[in-house]
1. Note down the nm distance, to one decimal, between modelled labels 7 Å out along Cα→Cβ at Arg124 and at Asp77.
2. Name the long-range amide H neighbours of Val249: under 5 Å, sequence gap of 5 or more, or other chain; modelled H, no Pro or chain starts.
3. How much length would be gained if the chain were fully extended between Asp161 and Arg45, taking 0.36 nm per residue of separation minus their Cα-Cα distance, in nm to one decimal?
4. Tell me, what is a quarter of the convex hull surface for the C-alpha atoms of region 17-104, in nm² with one decimal?
5. Highest GNM mean-square fluctuation, the chain, Cα pairs closer than 10 Å: which of Val214, Val60, Val87?
6. What spacing in nm lies between the two simple spin-label points modelled at Leu115 and Arg235, each 7 Å away from Cα in the Cβ direction?
7. If you line up the long axis of helix 127-141 against the longest principal axis of the chain, both from Cα atoms, how many degrees apart are they, to the nearest 10?
8. Evaluate the distance, in nm, between pseudo-label points positioned 7 Å from the Cα of Met274 and of Trp37 along their respective Cα→Cβ axes.
Amino acid sequence: MINKLLFCLLLTFFWTMPVYALDIQVPSEVGRGEPFWVDIRSDERPVGIKVGWMGREFAVPVDLPGKQRVLLGAGLDKMGEHELSMVFYWDEESREKTYKISVKDKEYPEQHLSLPEEMVTPPREVHDRIARDREQIRSALGTLTMDRYWDGDFEEPVPGDVSSPFGVQRFLNGQPRSAHQGVDLRGPEGTPVKAIARGRVVLTGDFYYGGKTVILDHGQGIHSLYMHLSSIDVREDDLVYPGEKVGEVGMTGRATGPHLHLGIYVLGDAVDPMYLLDR
Ligand SMILES: [Zn+2]
């Protein structure tokens, strides 16, 4: 009888004991345009982790046991409740965890700029080119590479101050335009522009608005974009290292003076680079 009771107690104990201890820290709310980290701790090593966010699903390279971080973000136009799902795969079971994350509105300043009229209202003959440019850039930023080339830190690409912050609502000659999708960093023409992290060059080109442009794929849906360069020093498919020169500061495309436009994208959505740069 005693033995039977003990057996039942032990059985209950083992049944209710979590098989694998997982501690996951997810913010319950973020501002639109903000990147955020998901922190995972575990004493065991799952064989796989899958993340679902903003309609995209991807496998994450496993750094556990110990702790690891996953970088995600909320685009400027993604206000509202969103579900984050994480599936952890062990040899014989999988566990799914879901979280509600509320993307809140956030005020960004306005900026009024005066530019030559032909740059504000592009002539008809360049409309096709602008549409092609946009599609090429959108498609490069949409690539989702399972490899993770970077280790979680981002270095500054140029030493200059911010001349125009992320998210600013722009008015060109009085007309409203889409919000600023990156930060403008001051730098004299010819200043070396360095890769903010290890990544593969997915696009180089000379675009109507962005001028000479480089896009790096850091893997796991993270991209960095460098615009208005005077020269480009890398080729598509090159693997570049943090601090490696990708080009030089210039004012190609729609720019009123030499500067670097730096964009950081998470799953195709621009996020504020200043949250991530080591400055
Ligand atoms: Zn800019």
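1. 2.7
2. Under 5 Å from the amide H of Val249 lie the amide H atoms of Gly190, Thr191, Val193, Ser230, each far enough along the sequence or on another chain.
3. Stretched fully, the Asp161-Arg45 segment lengthens by 37.5 nm.
4. Averaged projected hull area, Cα only: 5.5 nm².
5. Highest fluctuation of the listed residues: Val87.
6. 3.2
7. 30
8. In this crude label model, Met274 to Trp37 measures out at 2.0 nm.
Readers should treat all values here as calculations from the given coordinates under stated rules, not as data from a laboratory. As the structure is a prediction and not an experimental result, all values here were calculated from the model. We place every Cβ from the backbone using ideal geometry, glycine too, and count neighbours over all the protein chains shown.
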